[in-house]
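Participant: I have a structure I would like to understand better, so I am pasting it below and will then ask my questions one at a time.
What follows draws every value from the coordinates through simple rules; no lab data is involved. It should be emphasised that the depicted structure is a prediction, and the values quoted were computed from it without experimental measurement. Reconstructed Cβ throughout: ideal geometry from the backbone, glycine too, with neighbour counts over all protein chains shown.
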Amino acid sequence: MDFAFSAKTVALQEKLGQFMDEHVYPNEERFRKEIATGDRWQPTDVVEELKVKAKAAGLWNLFLPESEYGAGLTNLEYAPLCEIMGRSPMAPEVFNCAAPDTGNMEVLVRYGSPEQKKQWLEPLLDGKIRSCFSMTEPAVASSDATNIESNIRRDGDHYVINGRKWWSSGASDPRCKIIIFMGKSDPNNSDKYRQQSMILVPRDTKGVNVVRSLPVFGYDDAPHGHAEIVFDNVRVPVSNMLLGEGRGFEIAQGRLGPGRIHHCMRTIGVAERALERMCKRVKSRTAFGRPIAEQSVTLERIAEARIMIEQTRLLVLKAAYMMDTVGNKAARKEIAMIKVAAPNMACKITDWAIQAFGAAGVSEDFGLAAAYAHVRTLRLADGPDEVHRNQIGRLELRQHN
């Protein structure tokens, strides 16, 4: 593996970093104030303004490898750019590289019909609408997706959809116009991985009822959020089926690999920002007669944080390289490893940063509490640690027959 980034990536890193310095970091406080004022679930003016600037700067849709729709970057080329975006909670959307839209766009690129692409992919790529992905259910352990109980039933020229989903990120956003829904279309199929399908459900379809928004440790993530949704006899045309009946797991595997690595790339940015804040804080504070930065426990934590970040970054880059060279399926062990390593690393470093800030660290003033809430959810999102560790262990055992 060549660890040197391409000239194209280096140029984009510089350009993206400059944009963050000039437009994103200085506007983070404005972003928070806009959300706190009036209706929290309305899009913020600052992000909408910056999206126009980002698009004009050519910093738009940087993901989507092997596609004519994106910037033509490989996963390896995109990794350091995604990391930079991860340093700010508002940044991914500014560049139209935010979850779950990126994963949903990849689904439409790979598996959507020409008509589906025209209706939903194009406005998503243009940043005119947003989307959500509905798979997790409150009534079952959704870490095993074969447990899903929601159903998709054929009725003439339509499918009828029933079920209760939650943690459907983005559904509370008024710009959310399309939902990718996963449910059972053939529950009696002997192959449990052919029972599920994915289907497109317009957000305004009759019977789609957002019950509530779900906060994480008290953070509602407005205006994006995570919703619980009841689908009550929702009827959509047969043409809304993605790829074909019984192919939901196939689509999920194609979607979750890139989604997982993007989360990990961004998480490295979260950890870097936490360490940066920690270092500045301990150099400016004195306790027991000397700067906190000189305390041995502080130095040890800073050193460990740097080691952990570098280790995780290298593992993420290896996974990205493998996805580019041998494909997502062959890279599944590496993807599983980073999905465990990156959120745990960021949780630990953010926790140390909170400790270094003292009581200020658990307030909303410095962004650390919100960052911790976010990275802690990633130990569950797109599969919990336990599932990924089980997969890693099984793949390792296969090598020792």
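Participant: Classify region 249-397 as rounded, prolate or oblate, taking a ≥ b ≥ c as the square roots of the eigenvalues of its Cα gyration tensor: rounded when a/c is under 1.5, otherwise prolate if a/b is larger than b/c and oblate if not.
Facilitator: prolate
Participant: Still on this structure, please answer the following. Based on the inverse mean of 1/r over its pairs of different Cα atoms, what is the Kirkwood hydrodynamic radius of region 130-242, in Å?
Facilitator: 14.2
Participant: How high is the relative contact order of region 204-246, in percent, counting Cα pairs under 8 Å that sit 6 or more residues apart?
Facilitator: Relative CO of region 204-246 lands at 43 percent.
Participant: Considering every pair of different Cα atoms, what Kirkwood radius, in Å, is found for region 63-154?
Facilitator: Every distinct Cα pair counted, the radius reaches 15.1 Å.
Participant: Using only alpha carbon positions, build the gyration tensor of region 203-253, then give the equivalent ellipsoid semi-axes as the square roots of 5 times its eigenvalues, largest first, whole angstrom.
Facilitator: Equivalent ellipsoid of region 203-253: 27, 17, 9 Å, largest first.
Participant: Near CYS279, within a Cβ-to-Cβ distance under 14 Å, what is the net charge of the other residues, with Lys and Arg +1 and Asp and Glu -1?
Facilitator: Taking every other residue near CYS279 into account, the sum is +3.
Participant: Evaluate the Kirkwood expression for the hydrodynamic radius of region 41-103, namely the inverse of the mean inverse distance over all pairs of different C-alpha atoms, and round to one decimal in Å.
Facilitator: Mean inverse Cα-Cα distance, inverted, gives 12.1 Å.
Participant: In terms of the ratio Rg/(2.2 N^0.38 Å) built on C-alpha atoms, what value belongs to the chain?
Facilitator: Taking the Cα Rg and dividing by 2.2 N^0.38 Å, one obtains 1.00.
Participant: Checking the table LYS128/LYS177; LYS117/LYS329; LYS15/LYS55; LYS318/LYS339 against a 19 Å threshold on Cα-Cα, which pairs fail?
Facilitator: Over 19 Å apart, Cα to Cα: LYS117/LYS329.
Participant: Let me ask something else. According to the square roots a ≥ b ≥ c of the eigenvalues of the Cα gyration tensor, what is the shape class of region 7-112, taking rounded for a/c under 1.5, prolate for a/b larger than b/c otherwise, and oblate for the remainder?
Facilitator: It comes out oblate by the Cα gyration axes.
Participant: Would you work out the relative contact order for region 242-401, in percent, from Cα pairs under 8 angstrom that are 6 or more residues apart?
Facilitator: 27
Participant: Pick out the long, greasy-scoring helices in the chain: whole DSSP H runs spanning 24 Å or more along their own axis by Cα, mean Kyte-Doolittle at least -0.5.
Facilitator: Qualifying helices, which must be both long enough and hydrophobic enough, are 248-284, 296-325, 332-357.
Participant: I need the fraction of alpha carbon pairs in region 297-367 separated by more than 19 Å, rounded to a whole percent.
Facilitator: The calculated P(r) of region 297-367 puts 47 percent of pairs beyond 19 Å.
Participant: Would you mind putting 261-273, 333-345 in packing order, based on average other-beta-carbon counts within 10 Å, highest first?
Facilitator: Highest mean packing first, the order is 261-273, 333-345.
Participant: Quickly estimate the mean residue ellipticity at 222 nm for the chain, helices only: each DSSP H run with n ≥ 4 gives -39500 (n - 2.57), and the total goes over all residues, rounded to 500.
Facilitator: That comes out to -14500 deg cm²/dmol.
Participant: Do you know the relative contact order of the chain, to the nearest whole percent, from alpha carbon pairs under 8 angstrom that are 6+ apart?
Facilitator: 14 percent.
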